[in-house]
Amino acid sequence: MNEITISVKNLSKHFSGVRAVDGISFDVKKGELFGFLGPNGAGKTTTINILCTLMVPTSGRADVNGFNVTDSPTDVRKSIGIIFQDPSLDERLTAYENLNFHGMIYHITSRRRKTRIDEVLNMVGLCPKRDSVVRTFSGGMKRRLEIARGLMHSPKILFLDEPTTGLDPQTRQYIWDYILNLARKEKITVFLTTHYMDEAEICQRVGIMDHGKIVDLDTPDSLKNKYNVSSLNEVFLNVTGRGIREEEANGKESLGTFFRARQKLR
Ligand SMILES: Nc1ncnc2c1ncn2[C@@H]1O[C@H](COP(=O)(O)OP(=O)(O)OP(=O)(O)O)[C@@H](O)[C@H]1O
Ligand SMILES: [Mg+2]
């Protein structure tokens with residue numbers, strides 16, 4: 001037991017001048033529900049992108065399901081499912097067509113695809129929408145379809161980047177029921193990022209990331225005990241501070257530029 005399924009050592013990713021991921025190390029255990037918290041721009045998506053082999057690290061190493069992300073990207077991809085932060089469905093296709101296409105990319109036989117598509121649609125309660133064009137779906141339905149797609153090839157590890165952002169409380173609850181069910185029944189390891197503290201609270205362990213580094217990592221209860229506070233939100237503010245992030249500051253800057261430009265026009 002306690003087998004390690006994701007192993008990250010001194011991992012870094014630099015973009016011209018930005019240390020998006022700055023020498024992080026952590027492990028995720030098999031079957032664990034592991035959460036990443038962090039302010040905007042902390043480096044969460046960049047870390048997930050490296051673990052999913054969509055980006056090559058600048059230095060350090062990461063192994064997923066026993067395969068190195070740089071040396072064996074195909075083996076890594078076969079064992080993982082990804083639900084991206086940004087929507088990535090083909091809106092012109094039906095739910096069935098989106099799933100079928102994904103199944104083809106993963107070389108699932110046509111016979112297996114037929115049964116698996118019904119299984120995953122059933123898991124997320126979308127069977128009645130099987131032949132509807134995705135463009136006509138609500139945000140929550142699209143998110144559920146993305147989760148179904150991530151599960152199509154029966155991955156051992158599921159990466160979810162902000163799976164419930166922008167959804168109503170009912171849909172969030174619905175999606176969480178699926179995630180917990182999956183983790184329990186299918187023994188899938190779940191690695192997710194979130195800005196919702198109640199979601200982080202459900203995770204077995206939580207890593208808090210800021211400025212490309214992991215500033216703390218433990219169970220929600222141990223984190224609260226360590227900082228002697230009653231909520232994860234307070235832990236979060238304790239370790240990441242109360243200042244708004246660069247992106248926000250840049251936003252203000254451009255707003256200032258906008259107002260100056262408008263005054264010139266007067
Ligand atoms: N392709 C890229 N080129 C240049 N810089 C990038 C690129 N991708 C990310 N960055 C930068 O790397 C940093 C980390 O970004 P990342 O998307 O990983 O943050 P995040 O923690 O996922 O934030 P959010 O909570 O807003 O989704 C940011 O400063 C971002 O601007
Ligand atoms: Mg992100």
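What is the number of the single condition among (1) within 16 Å of ligand 2 (Cβ to nearest atom); (2) at pLDDT 95 or above that Asn98 does not meet?
Every condition holds for Asn98 apart from (1).
Please determine whether any residue of the stretch 23-44 is of a type in the set (Ser, Thr, Tyr), within 16 Å of ligand 1 (Cβ to nearest atom) and more than 23 Å from Asn233 (Cα to Cα).
Just the residues of the stretch 23-44 that are of a type in the set (Ser, Thr, Tyr), to begin with: 25.
Keeping just the survivors that are within 16 Å of ligand 1 (Cβ to nearest atom) gives none.
Looking through the stretch 23-44, none of the residues is of a type in the set (Ser, Thr, Tyr), within 16 Å of ligand 1 (Cβ to nearest atom) and more than 23 Å from Asn233 (Cα to Cα).
Might you check whether a residue that is within 16 Å of ligand 2 (Cβ to nearest atom), out of contact with any Gly (no Cβ under 7 Å at 6 or more places or on another chain) and of a type in the set (Asp, Glu) occurs anywhere in the stretch 79-94?
Taking every residue of the stretch 79-94 in turn, at least one turns out to be within 16 Å of ligand 2 (Cβ to nearest atom), out of contact with any Gly (no Cβ under 7 Å at 6 or more places or on another chain) and of a type in the set (Asp, Glu).
Val28: assigned to a strand (DSSP E or B), aliphatic (A, V, I, L, M) and under 17 Å from the mean Cα position of the chain (by Cα), yes or no?
Yes, satisfied.
Is there a residue being within 26 Å of Asp63 (Cβ to Cβ), part of a loop (DSSP other than H, G, I, E, B) and among the charged types (D, E, K, R) anywhere in the stretch 215-224?
no
Identify the residue in the stretch 144-182 that is within 16 Å of ligand 2 (Cβ to nearest atom) and touching a residue at least 40 places away in the same chain (Cβ under 8 Å) and, among all such residues, is surrounded by the most Cβ atoms within 10 Å (Cβ to Cβ).
Out of the qualifying residues, it is Pro163.
Is it fair to say Ile50 is touching a residue at least 12 places away in the same chain (Cβ under 8 Å), touching a Pro at 6+ places or on another chain (Cβ under 7 Å) and under 24 Å from Val215 (Cα atoms)?
Yes, satisfied.
Given the options Arg112, Arg61, name the one that is in a strand (DSSP E or B), more than 16 Å from ligand 1 (Cβ to nearest atom) and more than 15 Å from the chain's Cα centre (by Cα). Before the answer, list the steps.
Working: Arg112 fails: in a strand (DSSP E or B).
It is Arg61.
Hey, can you tell me all the residues within the stretch 67-88 that are assigned to a loop (DSSP other than H, G, I, E, B) and at pLDDT 95 or above? Give the steps one after another, and end with the answer.
We begin by selecting, within the stretch 67-88, every residue assigned to a loop (DSSP other than H, G, I, E, B); these are 69-72, 84-88.
The answer is Val69, Thr70, Asp71, Ser72.
All but one of (1) more than 22 Å from Lys156 (Cβ to Cβ); (2) surrounded by 18 or more Cβ atoms within 10 Å (Cβ to Cβ) hold for Pro57; state the number of the condition that does not hold.
All conditions are met except number (1).
The values are calculated or read from the model by the stated rules, or taken from the named source; none is laboratory data. Just so it is clear, the model here is predicted, and its values are computed rather than measured. We place every Cβ from the backbone using ideal geometry, glycine too, and count neighbours over all the protein chains shown.
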